[in-house]
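Everything on this sheet refers to the single structure shown next.
The values are calculated or read from the model by the stated rules, or taken from the named source; none is laboratory data. Please read all numbers here as calculations on a predicted model, not as lab measurements. Ideal geometry is used to build each Cβ from the backbone, glycine not excepted, and the neighbour counts take in all protein chains shown. We work out accessible area using only protein heavy atoms, side chains counted, and drop any ligands, DNA or RNA first. Shrake-Rupley method; radii C 1.70, N 1.55, O 1.52, S 1.80 Å.
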Amino acid sequence: MENSTANNVVIKIDNVSYDYRSSSDEFIARGVKNVSLSIGKGEFCVLLGRNGSGKSTLAKLLNGFIVPDSGTITVNGIDTSVDESIYEIRSKVGMVFQNPDNQMVASIIEDDLAFGPENLGIPRDEIEKRITWALETVGMSEHRKRSPNKLSGGQKQRVAIASVLSMLPEILILDESTAMLDPKGRAEVMETAMRLNKEKGMTVILITHYMDEAVGADKVFVLSEGELIGEGTPREIFSNVELVKRAYLELPVASKISLELKESGYDIPFALTDEELAEGICKLK
Amino acid sequence: MQIKVENLKYTYSPKTPFEKVALDDISFTINDGDTIGIIGSTGSGKSTLCQHFNALIRISHGKIYVGEWELHAKKLNLGALRQAVGMLFQYPEYQLFADTVKEDVAFGPINFGKSKEDADILARYALELVGLDYDEIKDKSPFELSGGQKRRTAIAGIIASRPEVLVLDEPTAGLDPQGKKEILDLVTELKKSYVKTVIMISHNMDEIAEYCNRVIVLNDSKLLYDTTPRELFSDKEKLSLTGLEVPHAVRVKNLLEARGIVLQGTPLTSKEFVELFKGGAPCAK
């Protein structure tokens, strides 16, 4: 149905299943089951679902860490299960993980950024350019020659994002990259991701347990026990009370209040954010 | 058991170029039965303060009384103190180490001199108290468990020693919404058992507002406020000094006020907001 060139689809997942198996091929746990979805170029997508619902499995499938048991995944039209394409896929799909301390490989920030492109044999002056650009993009230029170990959590995650950017990816996956941060650090990382998406047209896939990080997304995918059980705009997803319950999600507080007021007879529209709720209340009567 | 902190001061790496004052002249009292939130931005001294309560950090200046214990005394029965004041660190599941859940949870009591039989009984009780099925889980490896189960196992490992005071350093960080709720409900449940006092560090103001009866605000190594959540979050001037977020319900109230609608009182949760809204018709300014 969808034409990947016409709709600018960058990621296409077609009926993909994956189970975790031991080295002796014993079944350990389900990863994902019969998942089909597509993501367009420049979209800001959020994956929601409780622990063990398959979010991280999906992320790992997207950059070829693991390949589907059945079904196909294409990134920019390239099949992730083709061995020869794996480096191309991985340089296109950058991943940032939860713990900022586990992702630094060098003791000086610029070396950390150089690590990826050096491995690909990129010329030195090109690497220099990339480092300058990437650090500027995440707002960490002044730390270039410093050690990462004195940085705050939010700053470390921004460096981790910059290190991924130095590979010039087209897709950025943030796998619970805000989970260990304080509110200030979270805001820094979210602001960086949003800016990359809006200003550089980067496709962003964000995995999170913070519902308020999902409200600004173009699209939300909801996973439960390995299956995709919902897909839509944040408003469509969160106003679907059944779905929210089934996936053990949490409603944003503003949504909760707007629904409860409505139930009590107030004529108030469904609100995603505190601002929307305040607007809605102001318009009452 | 009352905890009394008097003029506590702590400096990291004193008399070196890296000298940093972490706690500056802190005084306050925690009463029996309190669930007290310790809040403040990263680096404000929250964890340093809490590590004093069971003498993980020995006092250099000032005094702390924990019940009968004088933590500033030269001679201190550390074993008995640490049994009475249980401490749960950030991401406690990383500290699970034993082959089985039962052994892991029984480790504390055995260390505090209980016989193996008694320790097993305490482990069973603790695991049941945190809502895990003892018979189903006791022989499993802690590493087979889900994130929420691991954290509950870690909590069981602390409360198996029957502490009267429980110190929790960001107990819900990194959990999914369901896991968060389970841990917080568990804290409420525990307060009906031998745990009399809970001291909780959190960055989540919604949690602090809903679960704590008192709150201590640290700012730049100093105690800025010792108050109740409702008073703190009602006072915009106070808050603006701290850079802290406010609970969502308070935020909506403030947004409404800016639009000329005044709610009488400060709702801390969505439930309180709805009740307040329904109860007194908000009046225009």
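One table, with the values for the structure above:
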quantity: Alpha carbon centroid spacing (whole Å) that separates segment A:17-34 from segment B:19-77; calculated: 48
quantity: Difference of contour (0.36 nm per residue) and Cα-Cα distance, B:Glu6 to B:Leu241; calculated: 82.2 nm
quantity: Net charge of Cβ neighbours under 12 Å - reference A:Ser255; Lys, Arg +1; Asp, Glu -1; calculated: -2
quantity: Sequence of B:Lys222, A:Lys283, B:Lys74 from largest to smallest accessible area, 1.4 Å probe; calculated: B:Lys74, A:Lys283, B:Lys222
quantity: C-alpha long axis of helix A:124-137 to longest principal axis of chain A, angle in °; calculated: 20
quantity: Kirkwood hydrodynamic radius over Cα pairs of segment A:35-135, then Stokes diffusion coefficient at 37 °C and 0.692 mPa s, in µm²/s; calculated: 207
quantity: 3J(HN,Hα) from dihedral phi, segment B:84-98, Karplus parametrisation 6.51/-1.76/1.60, rounded to Hz, x for glycine, proline; calculated: 7, 10, x, 10, 10, 7, 4, 6, x, 5, 6, 9, 5, 9, 6
quantity: Column: log10 I(q)/I(0), Debye, Cα scatterers of the protein assembly as shown, q = 0.07, 0.11, 0.13 Å⁻¹; calculated: -0.48, -1.18, -1.48
quantity: Reachable aspartates and glutamates from B:Lys114, criterion Cα separation under 15 angstrom, eight or more residues apart if same chain; calculated: B:Glu103, B:Asp104
quantity: Estimated translational D of segment A:214-285 in µm²/s (Stokes, Kirkwood radius over Cα pairs; 10 °C; 1.306 mPa s); calculated: 124
quantity: Heavy-atom accessible area ranking, 1.4 Å probe, most first, across A:Tyr266, B:Tyr125, B:Tyr91; calculated: B:Tyr125, A:Tyr266, B:Tyr91
quantity: Chain B: angle of helix B:116-129 to the longest principal axis, Cα-based, in degrees nearest 10; calculated: 20
quantity: Two-site label geometry, B:Lys278 and B:Gln264: point separation in nm, points 7 Å out along Cα→Cβ; calculated: 1.8
quantity: Euclidean distance of C-alpha centroids, segment B:210-262 and segment A:82-117, integer Å; calculated: 40
quantity: Rounded to 5, percent antiparallel among DSSP beta bridges of segment A:9-251; calculated: 55
quantity: Over chain A: Kirkwood hydrodynamic radius from C-alpha pairwise inverse distances, Å; calculated: 20.1
quantity: Whole-number percent relative contact order across segment B:40-129, with pairs defined as alpha carbons under 8 Å at least 6 apart; calculated: 17
quantity: With DNA, RNA and ligands ignored, accessible area of B:Phe277 (1.4 Å probe; Å², nearest 10); calculated: 10
quantity: Helix A:153-165 vs. chain A, principal-axis angle (Cα, 0 to 90°, nearest 10); calculated: 60
quantity: Sequence-separation-based contact order of chain A, relative, with Cα cut under 8 Å and 6+ spacing, percent; calculated: 21
quantity: Sites B:Gln178 and A:Glu128 - FRET efficiency at Förster radius 41 Å, r taken between beta-carbons, to 0.05; calculated: 0.30
quantity: B:Ser115 paired with A:Glu275, simple spin-label distance in nm, labels 7 Å along Cα-to-beta-carbon; calculated: 6.7
quantity: Which listed pairs, of B:Lys180/B:Lys222; A:Lys219/B:Lys180; A:Lys198/A:Lys219; A:Lys33/A:Lys55, have C-alpha distances above 18 Å, in listed order; calculated: B:Lys180/B:Lys222; A:Lys219/B:Lys180
